[in-house]
Amino acid sequence: MHRRNFMKATSLVGGAALLGGTSSLVGLTVPATIHISDEQLWFNRSMRWAQLAFVENDPGRYDPDFWLSYFKRIHADGVLLSAGGVVAFYPTNIPLHHKSPWMGNSDPLGYLVEGCRKMNMNIILRTDPHATRQDMYEAHPDYIHTTAEGEKRRHWANPDLWVTCALGPYNFDFMTNVNREIMEQYQPEAIFSNRWSGHGLCYCEHCKRNFKAYSGYQLPPTTSSGLSTAMAAGDKSDPAYRKYVQWRTERLKELWFLWDAEIRKQKSSARFIPNGFPDKLLTGKHSDFFFADQQARSGVIPPWSNGKHAKELRATMGMKPQVGIFSVGIEEPYRWKDSVQNEAEIRIWVAEGTANGLLPCFVKFGGFIYDKRWMDTVAEIYQLHHKHERYLRNTAPIARVGMVYSEQTNRNYGGKPWQQKTEDHAYGMYHALIEERIPFEMVNDGLLDAEHLKPYKLLILPNIAALSDAQCSQLKEFVTKGGSLVATYETSLYDEEGKQRPDFGLKDLFGVSFNKEVEGPLRNSYLRLKSDAGTKKFHPVLSGLEDAYRMINTVHQVKVVSDMAFPAPVTIIPTYPDLPMEDVYMREPEGNTPGLYLREIGKGRIAYIPGDIDRTFWQLMSTDHGKLLCNTIRWALNEDPVVEVKGKGIIDVTAWQQKNSMTVHLVNLTNPMMMKGPFREIIPLDAQQVSIHVPANTKVNAVQLLVSGQKPAFKINAGKLTLTVPKINDLEIIALDLA
């Protein structure tokens, strides 16, 4: 068998080696006696990954040397290979662990592992425990997922298979043995498990007994699709459903820690890597390395969603390595796994991932290739990545704006008519920031302490409805120290459990109080845009809207009252008839109720928008809504952005710090297929004027454009570097060498 010597007596916590004593991590205590730099840790070394997801008849049919040659050509230094679970691709000795019959007496996994090790690649082996065979069903029927009606569940895509229960002994016992055998035979750096967390509520004897013991409740009922009836009805207050969500998370955490501890017994530096976890806060806390498995666009997902996913994970993981798995095929519900995407679509998806801190990892389903059109595209992307690797070893993002996202709001808020499509608030705000070209990061609402908020001048809360008293206090402290807030709609009107408060938790910051109801949907309602009555000047939030007089209102709005005086650049024109045509005229042409509340507290600025402007912007894409949102954000920020890019087109702008450099990524999203993929072609952008704030106490030794290979002329004045980027295809990266 293929074995590898591994470091002994090394305890790794959060990506760093301890310098002495002992460490207890995930149930395993190991003396820490070896000093290892962060760069030497395997999960900080590899920059470009490749995944081969084998199919059962691959052994003997595909050419492993072809893949080893391709890995070398593209400078891949990490590999993810299918090993076991539903199919074993190695000579397993575990009873009922189904071995590919095409293997014969060979060891196809071992051959690839040996070849990759000769190229000094990090190796992660993949398991898939979500399905099993008839012999397992007959020997252990209690391992199988059970419906609410008590029926064992056949696999939805392959009726010859059975769906396993993720929370019972199949995973806790059988797959623990599989992991142990894989570690003993191949000593990989990690085991990655796909589809490990289950597919809907299971009513097997183990789940019923364990949930009852945990909660005192029976398992909540489900619909025919497997969703809980409470979730299907939008009722997130159902106590059994809430307890189930908690129990499932705890049970999966227990499984994660079990597998991780057993893997580390075989190799102390090794890890278990779950493919997704229901709580990003726990993911960030307990992961040293993570695969972000959002492989491609589907439906109307915009390309920036790859970056959004990366930012949400980074909000909890910090700068621990995140690998972005991307598919070379089309990702739609019909699952054409042997398909190939357009070159332009692959390029823009990977560019978004790279710009937002993801290390690339292509995935190919099946080792036998029918269509090679993607291979040169991926090779070119990886070769450029390898050439400029030192500029892609990011140490920290550079952003002064943080957009908050809330897992507890997603879990506990919603169900009422005015709370539908709650995810659209975040989508609308995210898209507005992209259009405004403002570098920003995501902030998890579970990490609002001073240390995590230290980089930011402005926090944006797109309907972060469910906030605890403690979280509200943290936000107030942020403002007290000079921070600014932009908040919309029902932000802080509910506690962390989703229970409505009598008033906003942040009412002292907003300067307004809840006035009993949420109005909407509002038909034919508008916002009146006004200059100051005394100076006749327009407030900065109306920049570019001075001639508008009015714009459409949001679809819903919270009724609020205040005893304070506010500037009133925006007021609400109430709904008036839209039929018959003779009656379509405003009854209150000026409006007296503010549609935007602006105030200053010390060095901080507060903007509260009672309407669902972010959700309405996403649903309607009105340019006026986007402009008002972005003007408000710039007013609240009250400082120049780290990077400003002026020119035509839609560009995602991100800024990064490295050990001796700084980079600015410009991803060209300008395309008629931006909101509905795939891209047909890359549409180049002409010259962009860029200004970059140079970090204090540093000297710029050189500037280069990494993608085009140019060395542009630049000027530095008062700490601001200016240059022209003559052209952007899919991506350009501005690199500043710093001393």
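Key figures
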{"item": "Per-residue HN-Hα couplings for segment 597-609 [Karplus 6.51, -1.76, 1.60; θ = phi - 60°; Hz; x = Gly/Pro]", "result": "10, 10, 7, 10, 10, x, 8, x, 10, 10, 10, 10, 10"}
{"item": "Amide H contacts of residue 222 (H built 1.01 Å from N, under 5 Å, at least 5 apart or other chain)", "result": "229"}
{"item": "Stokes-Einstein D (µm²/s) once Rh is taken as the Kirkwood radius of the chain over alpha-carbon pairs, at 10 °C in 1.306 mPa s", "result": "57"}
{"item": "Pairwise centroid distance, computed over Cα atoms, of segment 629-680 with segment 488-557, Å", "result": "26"}
{"item": "GluC sites (Glu not before Pro) within segment 150-205: DSSP coil, no more than 16 neighbouring Cβ in 10 Å", "result": "151"}
{"item": "Long-range amide H partners of residue 85 with built H, under 5 Å", "result": "128"}
{"item": "Charge dipole (debye, nearest 20) of segment 416-552; +1 at Cβ of Lys and Arg, -1 at Cβ of Asp and Glu", "result": "620"}
{"item": "Prolate/oblate/rounded call for segment 399-637, Cα gyration tensor, a/c under 1.5 rounded", "result": "prolate"}
{"item": "Charge dipole magnitude, Cβ of K and R +1, D and E -1 - segment 399-637, Cα centre, debye nearest 20", "result": "560"}
{"item": "Helix 305-317 axis, angle to the chain major axis (alpha carbon atoms, nearest 10°)", "result": "80"}
{"item": "Length released on extending from residue 173 to residue 477, taking residue separation times 0.36 nm less the Cα-Cα span", "result": "104.7 nm"}
{"item": "Helix axis angle, 176-186 relative to the chain longest principal axis, alpha carbon, degrees", "result": "70"}
{"item": "Amide H partners (placed H, <5 Å) of residue 682, local residues excluded", "result": "none"}
{"item": "Dipole of the chain, positive end: most advanced residue of 274, 112, 130 [Cβ charges, Cα centre]", "result": "112"}
{"item": "DSSP loop chymotrypsin sites (Phe, Trp or Tyr not before Pro) with at most 13 other Cβ within 10 Å: longest gap in the chain", "result": "371-548"}
{"item": "Over the chain: helical MRE at 222 nm, DSSP H runs n ≥ 4 each giving -39500 (n - 2.57), nearest 500", "result": "-8000 deg cm²/dmol"}
{"item": "Partner lysines for residue 72 [C-alpha distance under 18 Å; skip if fewer than 8 residues away on the same chain]", "result": "118, 364, 372, 387"}
{"item": "Segment 293-355 versus segment 431-447: alpha-carbon centroid distance in Å", "result": "18"}
{"item": "Above-threshold pairs, the threshold being 25 Å between Cα atoms, out of 253/499; 320/659; 311/603; 311/676; 208/311; 308/457", "result": "253/499; 311/603; 208/311"}
{"item": "Lys, Arg +1 and Asp, Glu -1 on Cβ, resulting dipole of the chain about Cα centre, debye, nearest 20", "result": "1400"}
{"item": "Rounded to whole Hz, the Karplus (6.51, -1.76, 1.60) HN-Hα couplings of segment 255-270, x for glycine and proline", "result": "5, 3, 5, 4, 4, 4, 5, 5, 5, 5, 5, 7, 7, 5, 8, 7"}
{"item": "Lys/Arg +1, Asp/Glu -1 at C-beta; the chain dipole; positive extreme among 482, 575, 215", "result": "482"}
{"item": "³J(HN,Hα), Karplus 6.51/-1.76/1.60, whole Hz, each residue of segment 478-493, x for Gly, Pro", "result": "4, 5, 4, 8, x, x, 10, 10, 10, 10, 10, 6, 8, 3, 6, 7"}
{"item": "20 °C / 1.002 mPa s Stokes-Einstein diffusion coefficient of segment 643-738, Kirkwood radius on C-alpha pairs, µm²/s", "result": "154"}
{"item": "Relative frequency of Cα-Cα separations exceeding 18 Å in segment 542-673, percent", "result": "67"}
{"item": "Cα-based shape type of segment 255-391, given that a ≥ b ≥ c are square roots of the gyration tensor eigenvalues and the cut on a/c is 1.5", "result": "prolate"}
{"item": "For segment 588-662: rounded, prolate or oblate by the Cα gyration tensor [a/c cutoff 1.5]", "result": "oblate"}
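Read-outs: derived from the displayed coordinates by stated rules, not from any lab. The model shown is predicted, which means the values in this text are computed figures rather than measured ones. Positions of Cβ are generated from backbone atoms using ideal geometry, with glycine treated the same way; all protein chains shown enter the neighbour counts.
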